[in-house]
1. With the structure loaded, tell me whether residue 136 is under 12 Å from the mean Cα position of the chain (by Cα), at pLDDT 95 or above and either at positive phi or surrounded by 14 or more Cβ atoms within 10 Å (Cβ to Cβ) (or both) or whether it fails that test.
2. Run down 26, 55 and say which single residue is at pLDDT 95 or above and touching a strand residue (DSSP E or B) at 6+ places or on another chain (Cβ under 8 Å).
3. Quick check on residue 99: is it outside the structural domain of residue 179 (by TED's automatic domain parsing), in a helix (DSSP H, G or I) and within 18 Å of the chain's Cα centre (by Cα)?
4. Is it true that some residue in the range 58-75 is part of a strand (DSSP E or B), at negative phi and within 13 Å of the chain's Cα centre (by Cα)?
5. Residues that are more than 15 Å from residue 194 (Cβ to Cβ), at least 3 per element: which helices (runs of 4 or more DSSP H) completely within the range 105-176 meet that?
6. If you go through the range 193-215 one residue at a time, how many are at pLDDT below 90 and in contact with a helix residue (DSSP H, G or I) (Cβ under 7 Å, 6 or more places away or on another chain)?
7. Just one of the numbered conditions (1) touching a helix residue (DSSP H, G or I) at 6+ places or on another chain (Cβ under 8 Å); (2) surrounded by fewer than 16 Cβ atoms within 10 Å (Cβ to Cβ); (3) without any contact (Cβ under 8 Å) to a residue 60 or more places away in the chain is not true of residue 159; which one?
8. Output the residues belonging to the range 87-108 that are surrounded by 16 or more Cβ atoms within 10 Å (Cβ to Cβ) and more than 17 Å from residue 68 (Cβ to Cβ).
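The values are calculated or read from the model by the stated rules, or taken from the named source; none is laboratory data. Computed from a prediction, not measured in an experiment: that's the story for all the values here. Here the Cβ is made from the backbone with ideal geometry for all residues, glycine too, and neighbour counts use every protein chain on show.
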């Protein structure tokens, strides 16, 4: 007969990987740990799951407590369960990720109030605590697949945007160190007919004002439902 006590000695945590797009750069939200292990080291927002709550509830609670972010759609990515991933004992973590517009949210949780939260460029988010580099990389791969299967601008771009801003978003996700050919990108994205030309142009810019667009929500949702492969 199986002895249940032998298998009830593992703890569970949730880690939240929050991606945001700001000033042409893809960023991830990190917090500075205020306790051991890895005190004063940057990490992903995460904490332990209470015995009386499910994983999704815990992910939302932890995110709000640490950062003040709430009503954020969180998608479960995968579980990380290496035996020695936590120096204090056997801790299994479930990673969630989300895409948000940074300007739409104000950080005000316990970590944010003590100025221990920061938006960091995805290119600079390294040497995180625990196995958080591995977790971040897994979620970044999920985002790369996501952007090829559905438009992500609704989550990351302002309501009105230029084709250049849209291209910079795709470059930040798909090819962080390489520019995408401007002509090919515009031809591809316009052929999808998911953009609406607003008949407006940028204001207050030093260069020639660019056209402003928005996403056609119905066509966007159709693409999401039917699926597509975005190859540039």
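1. Yes: the conditions hold for residue 136.
2. Of the residues listed, the single one that is at pLDDT 95 or above and touching a strand residue (DSSP E or B) at 6+ places or on another chain (Cβ under 8 Å) is 55.
3. The answer is no for residue 99.
4. For the range 58-75, residues part of a strand (DSSP E or B), at negative phi and within 13 Å of the chain's Cα centre (by Cα): present.
5. Passing ranges, in order: 110-113, 132-149, 163-174.
6. 3
7. All conditions pass for residue 159, except number (1).
8. Result: 91, 92, 93, 94, 95, 97, 99.
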